[in-house]
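Derivation of every value follows stated rules applied to the coordinates shown; laboratory data play no part. The model shown is predicted, which means the values in this text are computed figures rather than measured ones. Glycine also receives a Cβ, built like all others from the backbone with ideal geometry; neighbour counts cover every protein chain displayed.
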Amino acid sequence: MIKHILKLIWNRKGSNVLLFTEIFFCFIVVFLVSAFCIKNFRAYFSPYGYEVENLWVLKQQATNLLDSTDFVQAQEMLKREILALDGVESAGFAGYAIPFSGSMWTNGGDEMGFDFYTTMIGGDEDYAKTMGIELREGRYFTEDDYRAKVEPIIINQKISEDFFDGGSMIDSILKLGDAEYKIVGVAENIRYRDGFEDEYPTSIILTKQAEKEAVDLLVRVAPGSGPELEQAMGRVVFNVLKTEDFNITILQKQRESIARDTWVPIIIFLVIGTFLILNIALGLFGVLFYTISKRKGEIGVRRAMGAHRGEIIRQFVLEIYFVALAAMALGVVLALQVPLLGLIEADDFAHSNLYYAIGFSFLLITLVVIGCAYWPSRQGANLHPALALHEE
């Protein structure tokens with residue numbers, strides 16, 4: 001039967017070429033849209049490595065305290081006063097970059113004999129605990145680390161996997177420029193720039209309070225905390241720093257705000273893809289109804305010779321599907337060239353996104369083609385042999 005169907009396809013190659021081309025370009029567009037959406041959906045729902053909910057950021061300017069001693073004392077007092085408020089569970093200063101702020105500090109070099117890079121976050125001894133960063137091994141910073149001979153550092157598991165084959169990194173030394181860091185902890189994940197980014201090799205270093213970059217206070221609040229606590233925190237800042245130059249950001253809302261910029265193109269691409277699929281479906285319906293109406297004589301002869309309706313339906317559906325299969329096979333071959341051309345990152349996450357997109361596109365086009373081919377084929381198979389031969 002397959003040989004017979006292939007012969008029929010070849011005999012009708014003129015009309016099938018148009019169908020082949022239409023399905024091929026449809027597959028490519030669906031693949032591109034699904035690849036973009038799958039990448040972003042998987043990234044958005046991947047673990048951040050810390051608890052985003054109930055985390056507030058107090059951004060304040062303390063540049064009026066020029067004396068470093070006064071600066072440190074003011075920061076220590078601010079932290080104590082904030083911790084004393086009802087509804088505050090923990091607090092820690094952050095430096096250089098905070099989650100979903102759009103800022104990024106990258107460091108790297110070849111001091112260890114290979115090209116190494118990492119994004120870096122600064123924080124005090126309470127930063128990682130306040131963030132709720134999940135450690136795979138090791139420990140958080142402590143006050144004793146301020147007096148350590150080698151500066152401590154916490155890395156994410158991606159550093160271990162990308163640069164050190166996933167082995168244990170505790171007590172290992174990282175060299176970055178002229179500085180050396182001792183690894184005291186390894187976090188499962190750390191993603192902080194925006195919800196749709198892939199995870200970068202990321203490190204947390206201990207930032208001393210005397211550094212005026214560390215003026216963002218991360219505050220872990222009790223569930224259900226609201227404007228009353230926010231007002232109380234504002235009064236504390238004003239009383240301690242004598243300034244109204246500060247703002248309080250709820251990290252979850254900041255994350256949602258940043259995400260809107262990516263959701264818009266995702267929705268646009270989904271609408272375009274859906275519109276294209278509907279057009280392809282309508283086109284297939286029209287083409288198949290026309291094709292079957294021109295083949296009533298063939299249907300009548302086959303019915304008169306004893307062919308069942310199911311056999312006729314199966315023949316028409318397989319004819320269309322084999323054409324679609326050839327078109328999708330060419331599309332898959334082209335899609336598999338994407339990693340070879342260096343258009344995506346050479347890691348397992350990016351490659352799996354590619355394969356998911358290919359599989360989804362193949363499945364969707366298959367369902368559309370079979371669905372569109374079945375109804376016209378069924379209508380044709382229901383023709384009475386005498387009527388079909390008479391009309392022919």
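The tail of the calculated P(r) for the range 62-244, taken as Cα-Cα distances beyond 26 Å, holds 35 percent of the pairs. For LYS129 and ARG42, what is the calculated FRET efficiency with R₀ set at 45 Å and r taken between the beta-carbons, to the nearest 0.05? Computed FRET efficiency for LYS129 and ARG42: 0.95. Got a sec? Which residues in the range 255-278 would a label at LEU334 touch, if it sits 7 Å along Cα→Cβ and we count backbone N under 17 Å? The answer is 273, 276-277, whose backbone nitrogens lie closer than 17 Å to the label point. Residues TYR290, TYR48, ranked from the fewest to the most other C-beta atoms within 10 Å, line up as TYR290, TYR48. Looking at the range 77-116, the GluC sites (Glu not before Pro) that sit in a DSSP loop and have at most 16 other Cβ atoms within 10 Å of their own Cβ are GLU111.
Put in order of Cβ neighbour count within 10 Å, fewest first, the listed residues TYR192, TYR44, TYR140 become TYR44, TYR140, TYR192.
The modelled label-to-label distance for the pair MET77/LYS208, using points 7 Å beyond Cα in the direction of Cβ, is 2.2 nm. Neighbour counts of other Cβ atoms within 10 Å put PHE114, PHE141, PHE322, PHE71 in the fewest-to-most order PHE114, PHE322, PHE71, PHE141.
The calculated FRET efficiency for ASP162 paired with ASP261, based on their beta-carbon distance and R0 = 22 Å, is about 0.20. Qualifying trypsin sites (Lys or Arg not before Pro) in the range 33-139, where qualification requires a DSSP coil assignment and no more than 16 other C-beta atoms within 10 Å, comprise ARG139.
Applying 1/(1 + (r/R0)^6) with r as the Cβ-Cβ distance of GLU180 and LEU276 and R0 = 56 angstrom yields a FRET efficiency of 0.50. Does a label point 7 Å from the Cα of ILE173, set along Cα-to-beta-carbon, have any residues of the range 82-120 with amide nitrogen under 15 Å, and which are they? Within reach of a label on ILE173, which here means backbone N under 15 Å from a point 7 Å along Cα→Cβ, the range 82-120 contributes 111-113.
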